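*Asks:* Before I ask anything, here is the structure I am working with.
What follows is calculated from the coordinates using simple rules that are stated; it is not laboratory data. From a predicted model like this one, the values you see are computed outputs, not experimental measurements. Reconstructed Cβ throughout: ideal geometry from the backbone, glycine too, with neighbour counts over all protein chains shown.
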2 protein chains.
Amino acid sequence: MATIKDVAERAGVAPSTVSYVLSGSRKISEETTSAVRAAIAELGYHPRASARTLRSARSEVLVLAVPREPGKYRAMDGRFAIEISDAARGHGYDVLMMTDPDGVGGLRRIAGSGLADAAILMAVAQEDPRVAALRDLRFPTALLGHGDERDEAELSWVDLDWEAAVALAVRETAAAGHRRIVFWASADHEIAARRGYAMHGLDGARLAARETGAEVRVRPSAADEAALRARLRSALAARPAPTALIVQHLIPLPVLLSEVAAMGLRVPEDLAVVLVGSLPEEHGTQALPRIDLPVGQMSAAIARLAVEAIGQTPPRHELIAPRLAPGPGIVPPSPASR
Amino acid sequence: MATIKDVAERAGVAPSTVSYVLSGSRKISEETTSAVRAAIAELGYHPRASARTLRSARSEVLVLAVPREPGKYRAMDGRFAIEISDAARGHGYDVLMMTDPDGVGGLRRIAGSGLADAAILMAVAQEDPRVAALRDLRFPTALLGHGDERDEAELSWVDLDWEAAVALAVRETAAAGHRRIVFWASADHEIAARRGYAMHGLDGARLAARETGAEVRVRPSAADEAALRARLRSALAARPAPTALIVQHLIPLPVLLSEVAAMGLRVPEDLAVVLVGSLPEEHGTQALPRIDLPVGQMSAAIARLAVEAIGQTPPRHELIAPRLAPGPGIVPPSPASR
DNA sequence: TCGATTCGACGAAGCGCTTCGACAACGGAG
DNA sequence: CTCCGTTGTCGAAGCGCTTCGTCGAATCGA
């Protein structure tokens with residue numbers, strides 16, 4: 001592999017001159033510059049990243065802590081990982097994945113070894129030990145999602161405003177004429193873990209229920225398919241029958257829809273279904289009114305905040321306002337069911 | 001941040017001694033070893049990765065080239081990325097994501113700068129320019145998926161045996177008594193791009209059709225939802241009616257199933273549905289007989305092959321045998337439809 | 001014409017680590 | 001008692017890059 005010395009020799013200059021051509025931090029004559037550039041092109045030279053990092057104490061790498069529960073996979077995580085990587089490149093950074101089930105150990109290793117300049121944490125939980133560890137190391141960090149006020153005052157984060165998102169869904173549904181609404185919230189275990197999106201979603205539903213006067217029954221989702229079906233069936237079997245279903249826990253959406261169909265309910269004539277959030281693949285959901293998770297916007301924001309954090313700027317928080325996706329509107333309840 | 005010199009001073013030894021304790025490449029007395037270990041623990045010392053890499057020309061990082069068509073996201077890619085990262089850690093490697101739409105430029109940059117020791121390429125196409133670029137750089141490379149014989153003789157790869165997988169699905173379906181089968185193949189654009197899995201899947205269907213004597217109608221899938229529905233409807237409307245549907249293009253599965261339901265066909269009584277491959281989220285598919293994509297097994301294999309390739313070993317190829325997933329079997333056709 | 005200034009390029013130091021050769025200290029063999 | 005092999009540790013070199021101080025040459029004003 002070619003080194004800066006090789007380039008210098010070929011161009012007939014000193015290594016430092018090559019370096020200055022590359023960085024532009026000192027003036028180099030037109031003539032010398034083009035000789036150096038020619039030599040670089042001929043040799044296919046790339047500066048060795050390790051040497052740069054050793055000198056400058058900057059790796060131009062972000063580490064992304066991907067949530068990892070053994071045996072489980074949340075489809076959205078992969079999508080975020082890829083989009084964040086895209087966004088980071090726009091700032092000149094590469095992204096290293098950290099999927100160790102023991103997130104703390106992995107982050108210590110990577111932060112300690114200088115492999116990365118900053119960390120992005122996904123799926124942060126209440127009193128997350130990773131947050132504490134990174135703070136102790138004084139390692140620049142940005143969080144995707146929020147919830148725990150104490151930790152987060154000192155760190156940057158980005159999140160969809162889940163409270164506003166669910167509130168918006170309820171408001172729009174009520175505005176379409178629905179008076180009896182089921183809100184299918186996050187799953188039991190997410191609520192038990194007090195995940196930010198789960199908590200904020202519940203808040204939004206309550207808020208908008210008060211505001212609109214509609215009757216909103218909140219039902220937590222379940223990881224287990226049988227439980228899920230039973231719970232949905234009982235929620236929809238209430239009389240007078242609910243006319244709209246707002247779903248935040250989208251992962252088992254096919255199951256939910258199949259159960260709705262099995263009950264003989266047509267969507268949207270008998271039951272309006274509104275989604276809050278997104279699945280990574282959009283197939284089969286475009287037909288439903290929904291409030292999308294702005295993955296691209298969130299990814300761009302988290303990459304930006306992580307890069308900023310390297311520069312010791314004070315922490316910033318971005319709460320993204322929800323928007324109803326363009327597409328089908330919410331169908332009013334049938335006259336018979338009012 | 002603590003350096004090896006700090007550790008050495010604290011332990012009252014030379015820096016080289018600390019290095020030897022860490023690497024174990026020379027014998028160091030019990031006494032000195034424990035003094036060094038104590039100093040390391042007290043200072044929270046981690047060797048600087050850049051310095052190591054500079055000396056040893058080994059970064060202990062793999063670069064993963066994630067396929068990236070702007071605006072599109074294939075749900076399986078994220079899942080593979082995460083599982084490959086997991087597997088690589090087992091070999092002591094971290095994984096860097098490369099999501100540049102211009103894959104060649106990104107790989108040149110990363111390979112040239114020594115940021116990674118080997119590359120893993122996902123979704124390799126016929127005459128993929130990335131493969132050529134990496135070969136020119138003599139950069140260790142492993143491919144996930146296969147298709148183009150010429151390139152691949154020199155490189156390691158892993159793949160599910162798609163031909164055998166589809167053939168197995170057809171065989172099992174025929175064995176259950178079905179004589180008129182629709183094979184829902186990869187999408188038009190995948191076939192046009194001559195993707196390995198698409199080609200091999202078609203081969204498998206033809207092979208097993210000859211073998212079993214069943215009538216297998218091959219229908220390519222489509223990216224566009226309307227086209228998809230129309231095509232499926234016409235395939236299933238043939239008379240005498242097909243009694244089984246084998247699906248390789250799973251991404252729009254919800255759409256397919258909803259169209260089947262819309263035609264008034266019950267699954268599996270009127271139409272047996274068999275899946276080949278997997279979606280990243282299993283919700284809603286467990287109920288169907290299927291041949292899973294062995295993501296974990298493939299990820300483990302590709303990580304292993306990539307690490308091996310660093311050691312200049314000759315290329316190896318792993319073709320993974322398909323297996324019918326445990327779960328519901330294939331329901332025979334109803335007597336009336338025979 | 002001569003000192004002062006500017007311009008462009010150079011040389012060397014040093015980032016933190018590994019590794020090779022050297023070298024005390026020690027013990028056993030001759 | 002000397003010699004030599006072993007054992008455990010040290011010192012220095014060097015990986016490739018950036019950056020600071022320096023310096024010759026060209027330029028300019030007086």
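*Asks:* Do you know which of the residues in segment A:108-121 that are in contact (Cβ under 8 Å) with a residue 24 or more places away in the chain and closer than 17 Å to B:Ala2 by Cβ is nearest to the other protein chains (Cβ to nearest Cβ)?
*Replies:* That would be A:Gly112.
*Asks:* Of these, B:Pro140, B:Pro129, which one is closer than 28 Å to A:Leu54 by Cα, more than 11 Å from chain A (Cβ to nearest Cβ) and touching a residue at least 24 places away in the same chain (Cβ under 8 Å)?
*Replies:* The match here is B:Pro140.
*Asks:* Output the residue which, of all residues in segment A:48-59 that are assigned to a helix (DSSP H, G or I) and surrounded by 13 or more Cβ atoms within 10 Å (Cβ to Cβ), is farthest from DNA strand C (Cβ to nearest atom).
*Replies:* A:Ala49
*Asks:* Consider B:Val13 carefully, then state whether it is β-branched (Val, Ile, Thr), assigned to a helix (DSSP H, G or I), over 23 Å from the mean Cα position of the chain (by Cα) and surrounded by 12 or more Cβ atoms within 10 Å (Cβ to Cβ). If you could, list the steps in order and put the result at the bottom.
*Replies:* Working: β-branched (Val, Ile, Thr): yes; assigned to a helix (DSSP H, G or I): no; over 23 Å from the mean Cα position of the chain (by Cα): yes; surrounded by 12 or more Cβ atoms within 10 Å (Cβ to Cβ): yes.
Judged against the criteria, B:Val13 is not a match.
*Asks:* How many residues does segment A:16-47 contain that are of a type outside the set (A, V, I, L, M, F, W, C), surrounded by 15 or more Cβ atoms within 10 Å (Cβ to Cβ) and within 11 Å of DNA strand C (Cβ to nearest atom)?
*Replies:* Residues meeting the conditions: 5.
*Asks:* In segment B:84-105, which residue that is within 8 Å of chain A (Cβ to nearest Cβ) and in a helix (DSSP H, G or I) is farthest from A:Leu115 (Cα to Cα)? Spell out the reasoning first.
*Replies:* At the first step, the residues of segment B:84-105 found to be within 8 Å of chain A (Cβ to nearest Cβ) are B:85-86, B:89, B:94-100.
Next cut, in a helix (DSSP H, G or I) only: B:85-86, B:89.
On the way: B:Ser85: 16, B:Asp86: 18, B:Arg89: 15 Å.
Looking at residues that are within 8 Å of chain A (Cβ to nearest Cβ) and in a helix (DSSP H, G or I), I get B:Asp86.
*Asks:* Hey, another quick one. Considering segment A:1-21 alone, what residues qualify as being touching a helix residue (DSSP H, G or I) at 6+ places or on another chain (Cβ under 8 Å) and within 14 Å of another protein chain (Cβ to nearest Cβ)?
*Replies:* A:Met1, A:Ala2, A:Ile4, A:Asp6, A:Val7
*Asks:* Find the residue count for segment A:230-262, including only residues that are over 24 Å from A:Gly329 (Cβ atoms) and not in a helix (DSSP H, G or I).
*Replies:* The number of residues fulfilling the criteria is 4.
*Asks:* Filter segment A:1-15 down to residues that are free of Cβ contacts under 8 Å to residues at least 12 places away in the same chain and closer than 18 Å to A:Ser50 by Cα and give me whichever is nearest to DNA strand C (Cβ to nearest atom).
*Replies:* Only one residue tops the list, namely A:Pro15.
*Asks:* Only residues that are more than 8 Å from DNA strand D (Cβ to nearest atom) and assigned to a loop (DSSP other than H, G, I, E, B): list them for segment A:16-45, please.
*Replies:* A:Gly24, A:Lys27, A:Ile28, A:Ser29, A:Gly44
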